[in-house]
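Down below is the structure, laid out as structure tokens.
Nothing in this text is a laboratory measurement; each read-out follows from the coordinates by a stated rule. None of these values were measured; they are calculated from a predicted model. We place every Cβ from the backbone using ideal geometry, glycine too, and count neighbours over all the protein chains shown.
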Amino acid sequence: MDFWNKVPFLRLVVPFILGVVIEINNWINIRWMLPLLLVSAVLLLVISLYPFKSKFLKRPLYAGRLSLIVTLLAGFCYAWFSRSINYNTHFSKQSSQKEITVVGTIYEPPQEKARSVKVFLEVHETSDGSETNPCIGNLLVYFQKTDESLNLKYGDQVAVRCFPNEILPPDNPKQFNFQKYLHNNDVYHQAYAKSGSWKLIESKQGHPIKQLAYQFRARMLTILTDNISDHKNLAIGAALILGYKDHLDPDILRSFSSAGAMHVLAVSGLHVGIIFLFFNSLLSFLDKKGSYGKLIKVITILLILWAYAFITGLSPSVMRAATMFSAVVIGQSLNRPTNIFNTLSASAFLLMLFDPHIITKVGFQLSYLAVIGIVYLQPKLYALLYFKNWFLDKIWAITCVSFAAQLATFPLGLYYFHQFPNYFFISNLIVIPMATIILYTGILLLITVPFGLGSVFSWLLNHELAFLNKAVVFVEEIPYSLMYGNYIGVHEVLLLYLTVALILAWFYFRKTYLIFSISAMVVILLLISSAGRFSNSSRHQMIVYKVPDKSVLNFVGGRYNFLLSDQEFIKDENQQLYYVKHNWFSLGHTEASYHLLTDDIDAVGLSKYHNLIAIQDNQILLIDTSFKVYGLKNVITVDYAILSGDQFFDVETIDDRVEAGTFILDSSIPQRTAKIVEKLMRKRHMTVYNVHEKELS
């Protein structure tokens, strides 16, 4: 009970987060929550102010419980009202016509894609041709890639003639839910803008501080580009020092991920923490100078932390970390005992006041859990062993930091990324010190280059980055460096955290009943895992994935996993990870047997001859450009017929020559063609599934 008295912000944050979670999952309607909030707030006010003397009414007890309810309801309502879509002035509610002209300001740096430029617009007004209306809301726009669109910058105000469409849920099973991600960032519609359908109205209309920060980061990036010769080293250096990730390629990301060093490429808590610890130690002499000395130290560290956030372009992850450590700095400066958990809770609550949906961001979750793990667990782990040797003691200290952070974050890592780096404790012995050295060297380079004194730091930085890259690749290449393809659900995440908590409690209390509790949790987790494997072993699926302009067929069963597509998709690991592999992980598979759609296959579980596939007593016919329906002498009867390719199909002839339980139009067929073919099939009462529309008729 004494602990809860020391953490008032934690008592505030927990119910507030619960309220936001309820709103995010839409478990209760705002019509119920708003009246409940008003009634509860009035009751709390009455109980707190009115001097009750009844022995049955303990005012502190009831006021405390009611305050938790009020905070929960306030969290829900605050999150609901923070969504622009809930207001009648949202641009999607301003016009009955589909095509409109939107005028908005780019509020994030544009991202160059393969065939487009991705831009987020804060919409100010819309016009349907007859009238112009002021409005609110955010719109995701993909501009056709041209020299003009590539020159778009943060703060540019543009007018775009477009068709805003609602962002749809994922097309494929277990695919990343981009709709939910954007909804939690207050974006509900997207549009495509061809060249000539938009124009630049004004520049530099964004927030002046952010505008300056992005310009400053661009200058810093130019300095790194001029002083780091190797492209891979530049990509790692730009990500590690400035948080600029556009140069990172899949090979770099895979190496750092497999080695358990991904956190150094995401400028956040680690980097801000390194800067905080250095200057906190460097300026420790000011603590002896009285209150004025402490004040100077606090102001100096705060200025340094936010100056670093500024040179990284005020990215959300760095601002989160800077806010967190600012709270720690201010908490340390107070002339009374402070609790680190209360300080962290205060910083989290402050961030949620700016954006309540920040709790859905993976970086936010992992950052706070890692810091909590390090603050609570690292001292306990460090105390288990004692080394007189200074060097061994430092190695043990870094190892304890790694273990503490991993213990606190690995369930979420498995949930989001389905992998676990087995040698994280080895890589972090190298990565954490090297990241520290590289960060200091990089900052010194950025400071000294404008004065013509950066050659030494440039030479050092190139060699440091080369060493870090080689070390990470070395760890990645150790056999079994990565436990890959682990799929767990939310309930398993909660059980894992409960198990970790019970293990820690046993180390602290050494009670026998905790051993039984831990054993029970392990048994429950094993039973859930076994039940999942048994369910997957008896499940057989045919999946026609929606991949733009591709035919991708997947046959998955207990012991087999066949993927049929073209050479380009089979070789593209990134596309496979985005579209299909998360579904494999959920079904207990990490690899597949790959085949071209043109191959004949004779394998255990599946056979294919020309365009006919046989699997699990099912017959599947592929109707593509190579299949001649007119050449059929007899009617062919199959369970499924899959139509694919950039062609127009003779529906009448197909209906005459092919009898199928279901006709499937895959995503290699252009969407407009697929709609026409679907309508023609419906008129002939054929059962058809259009992958573009995800609708069975």
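Among 189-202, 639-652, how do they line up by average Cβ neighbours within 10 Å per residue, starting with the highest? Display every interim value, and only then the final one.
On the way: 189-202: 15.6, 639-652: 18.4.
Ranked from most to least packed, the peptides come out as 639-652, 189-202.
Cross-link reach is defined here as a Cα-Cα straight distance under 18 Å, omitting same-chain residues fewer than 8 places apart; for Lys628 the lysines meeting it are Lys608. For region 91-206, rounded, prolate or oblate, judged on the Cα gyration tensor with a ≥ b ≥ c (square roots of eigenvalues), a/c < 1.5 rounded, else prolate if a/b > b/c? It is oblate, given that a/c is not under 1.5 and a/b is not larger than b/c. With R₀ set to 22 Å, the beta-carbon distance separating Glu659 from Ser626 gives a calculated FRET efficiency near 0.60.
Among Thr71, Ile372, Gly237, flag the residue with its Cα farthest along the positive direction of the charge dipole of the chain, charges on Cβ as +1 for Lys/Arg and -1 for Asp/Glu. Looking along the dipole axis, the top candidate is Thr71. In terms of packing, defined here as the mean over residues of other Cβ atoms within 10 angstrom, the peptides 596-606, 302-312 line up highest first as 302-312, 596-606. For the pair Asn5 and Lys288, label points projected 7 Å from Cα toward Cβ lie 3.6 nm apart. Taking label points 7 Å from Cα along the Cα-to-Cβ direction, Leu353 and Asp128 give a separation of 4.0 nm. Taking every lysine pair in region 222-484 that is 8 or more places apart or spans two chains, those with Cα atoms closer than 24 Å amount to 9. When its C-alpha radius of gyration is set against 2.2 N^0.38 Å (N residues), the chain gives a value of 1.10.
Think of each Lys and Arg Cβ as +1 and each Asp and Glu Cβ as -1; about the Cα centre, that makes the dipole of region 91-206 roughly 380 debye. When both bridge partners sit in the chain, DSSP labels roughly 70% of those beta bridges antiparallel.
Classified by the C-alpha gyration tensor, region 444-598 has an oblate form. Its axis ratio a/c, with a ≥ b ≥ c, is 1.5 or above, and a/b does not exceed b/c.
Kirkwood Rh, region 490-537, all Cα pairs: how many Å?
In region 490-537 this quantity evaluates to 11.4 Å.
Between Ala505 and Tyr181, the FRET efficiency from the beta-carbon distance, with R0 = 35 Å, is close to 0.50. Cα centroids of region 632-697 and region 380-452: how far apart, whole angstrom? Comparing the Cα centres of region 632-697 and region 380-452, I get a distance of 56 Å. For the chain, hydrophobic long helices are taken as DSSP H runs at least 27 Å long by C-alpha position along their axis with mean Kyte-Doolittle hydropathy of -0.5 or more; these are 30-49, 59-81, 208-227, 290-311, 362-382, 390-417, 424-448, 455-476, 490-509, 512-537. Of the cross-linked pairs Lys153/Lys199; Lys550/Lys571; Lys98/Lys180; Lys118/Lys153, those separated by over 20 Å at the C-alpha level are Lys98/Lys180.
Of the GluC sites (Glu not before Pro) in region 475-561, the ones in a loop by DSSP (not H, G, I, E or B) with at most 15 other beta carbons within 10 Å are Glu477.
Based on the mean of other beta carbon atoms within 10 Å per residue, what is the order of 587-594, 209-216, most packed first? Can you show the working numbers first?
Working: 587-594: 17.1, 209-216: 15.4.
The most tightly packed comes first, giving 587-594, 209-216.
Got a sec? Charge dipole of the chain, +1 on Cβ for Lys and Arg, -1 for Asp and Glu; which of Ser203, Phe649, Phe516 is way out at the positive end? Of the candidates, Phe516 comes out farthest on the positive side. Ranking Ile601, Leu665, Gly454 by how far each Cα lies toward the positive end of the dipole of the chain (charges on Cβ) leaves Gly454 at the top.
Per-residue ellipticity at 222 nm for the chain, helices alone: DSSP H runs ≥ 4 residues times -39500 (n - 2.57), over residue total, nearest 500 deg cm²/dmol? So the calculated ellipticity at 222 nm is -16500 deg cm²/dmol.
Please give the charge dipole size of region 125-166, origin at the Cα centre, charges +1 on K and R Cβ atoms and -1 on D and E Cβ atoms. Round to the nearest 20 debye.
That gives region 125-166 a dipole magnitude of about 160 debye.
In this rough spin-label picture, where each label sits 7 Å from Cα along the Cβ direction, the Tyr107-Val375 distance is 3.0 nm. On the basis of the beta-carbon distance and an R0 of 35 Å, Ile447 and Ser593 show a calculated FRET efficiency of 0.05.
Let me make sure I get this right: for region 421-523, a, b and c are the square roots of the gyration tensor eigenvalues over alpha carbons, sorted descending. Under 1.5 in a/c it's rounded, otherwise prolate if a/b > b/c, else oblate. Which is it? Don't jump to the answer; show the numbers that get you there.
Details: a/c = 3.61, a/b = 2.54, b/c = 1.42.
The shape class here is prolate.
In plain terms, the chain from Lys93 to Gln215 could stretch by 40.4 nm, reckoned as 0.36 nm per residue minus the Cα-Cα distance. Taking Cα centroids, how far is region 218-243 from region 103-168 in Å? What the calculation gives is 29 Å, centre to centre.
Relative to the Cα centre, what is the charge dipole magnitude of the chain, using +1 at the beta carbon of each Lys and Arg, -1 at the beta carbon of each Asp and Glu, and rounding to the nearest 20 debye? If you can, show how the numbers build up before the last one.
Working: 59 positive and 50 negative charges, 657 e Å.
So the dipole magnitude of the chain works out to roughly 3160 debye.
Calculation over all alpha carbon pairs of region 547-649 in 10 angstrom steps from 0 returns a P(r) of 13, 45, 34, 8, 1 percent.
Over its Cα atoms, what ratio of radius of gyration to 2.2 N^0.38 Å does region 222-484 give? Intermediate values should be presented prior to the final figure.
Values: Rg = 18.6 Å, N = 263, 2.2 N^0.38 = 18.3 Å.
The reported ratio for this selection is 1.02.
Taking a point 7 Å out from the Cα of Ser195 in the direction of its Cβ, the residues of region 76-117 whose backbone N falls within less than 15 Å of it are 115-117.
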